[in-house]
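Below you'll find the structure, written out as structure tokens, and then a few comments.
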Amino acid sequence: MGQKVVLRERIVDESPRDDLIRRERFPHIWCPGCGLGTVLKCYVEAIAASNIPPDKHVIVSGIGCTGRIAGYVRLDSYHVTHGRPIAFAEGMKIVRPDLEVTVISGDGDLVTIGGNHFIHAVRRNVDINVFLVNNFIYGMTGNQMGSTTPLGAKSSTSPYGCPEPPFNLPLLAAALGAPFVARWTTLHVRQLADAMKRAMNVKGFAFIEIISPCPVGFGSYNDLRDGRDYIKLFLENCIVDHSADLNKVGITLKPGEPIILGNFIDREAPTYHDLELEVFKKAGWLK
Ligand code: SF4
């Protein structure tokens, strides 16, 4: 017991990003082998490298294990209702375009419950970053299948296998016009932090799908019960192809079918804010 306390104190005292992490909130809630600590680390490193002052960064998250990231960063943080962080972030960015608004939340939150907000925010090209952590399941709320659960994968609500095909999220975001679209796993730490930094400097909707282990939830139903099982899966199955045909990057998790990663799209497009200003000028509200 005494050793555990000393260990916790040592870890807390040695946090290399004291300026950006609320270390007084540690230990965190995440399970052993979870990828969310890595996502948090990449996010704070990207902020530190972004050349945007921390007091201009704002994080919005929804309900779920991923949503807890907002509580661990020393930023203005908003933890909102299930499925609604993108709608909340859109409103904030429209009212305060000087802020760097980032949504970090899970697949269940952002594209299952919140799918409608996702598609319309991309279509409008609101200048926000959406870092979606995909662990293929609703983790915190009961391990139910969702819109990213691969066909045939098991969950608490699909014990005989998911009967629905999942979203191909990079294809969806690209088809709706997102200026920046990427996918990395939590094993690809440097690439993920670099993609986050790039997303923060992109004008318009920047989307990163982050494939992340959930050994306690999804993994327990699908023979990935340990963080090391996921590392093996990522090492053996991931292929980096920045110019991949996005029609072919859907994830199946079937043996021999790769998980394709990369910074797929990086382009310019008028943002919602640009178009809104044009309308205001035409209406005579602005000079
Ligand atoms: S349930 Fe899954 S996603 Fe949630 S903390 Fe545990 S391992 Fe991570």
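Any read-out appearing in this document is the output of simple, stated calculations on the displayed coordinates, not a laboratory observation. Just so we're clear, the structure is a prediction, and the values are computed from it rather than from any experiment. Don't worry about glycine lacking a Cβ; one is built from the backbone with ideal geometry, like all the others, and counts go over all protein chains shown.
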(request) Add +1 for every Lys or Arg and -1 for every Asp or Glu among the other residues with Cβ under 13 Å from the Cβ of Phe167, and state the total. (result) -2
(request) Using amide H atoms built 1.01 Å from N in the peptide plane, name the residues 5+ places from Asn134, or on other chains, whose amide H lies under 5 Å from its own. (result) Ile210, Ile211, Ser212
(request) Using label points projected 7 Å from each Cα along Cα→Cβ, tell me how many nm separate Ile52 and Thr157, to one decimal. (result) 3.3
(request) Starting from the eigenvalues of the Cα gyration tensor, five times each then square-rooted, give me the equivalent ellipsoid semi-axes of segment 156-287, largest first, whole Å. (result) 36, 17, 14
(request) Could you run the Karplus curve 6.51 cos²θ - 1.76 cosθ + 1.60 with θ = phi - 60° over segment 261-268 and give me ³J(HN,Hα) per residue in whole Hz, x for Gly and Pro? (result) 10, x, 8, 6, 10, 8, 9, 9
(request) State, to one decimal in nm², a quarter of the convex hull surface area for the C-alpha atoms of segment 43-85, i.e. the direction-averaged projected area. (result) 3.0
(message) Show me, for segment 69-82, the HN-Hα J-couplings you get by feeding each phi into the Karplus relation (A = 6.51, B = -1.76, C = 1.60, θ = phi - 60°), rounded to Hz, glycine and proline as x.
(response) 4, 4, x, 9, 9, 8, 9, 5, 10, 10, 10, 10, 5, 4
(message) Give the lysines reachable from Lys154 as a straight Cα distance under 29 Å; neighbours fewer than 8 places away on the same chain don't count.
(response) Lys232, Lys248, Lys254
(request) Mind checking which lysines have their Cα closer than 24 Å to the Cα of Lys56? Skip sequence neighbours fewer than 8 apart in that chain. (result) Lys41, Lys93, Lys197, Lys203
(message) Over all directions, the average projected area of the alpha-carbon convex hull for the chain comes to how many nm²?
(response) 15.9
(request) Send over the Kirkwood Rh of segment 61-210, from the inverse of the averaged 1/r over different Cα pairs, rounded to one decimal Å. (result) 15.4
(request) Would you mind putting 161-169, 267-275 in packing order, based on average other-beta-carbon counts within 10 Å, highest first? (result) 161-169, 267-275
(message) Going by Cα centres, segment 214-287 and segment 35-106 are how many Å apart?
(response) 17
(message) Looking at the chain only, what percent of DSSP beta bridges run antiparallel? Nearest 5 please.
(response) 20
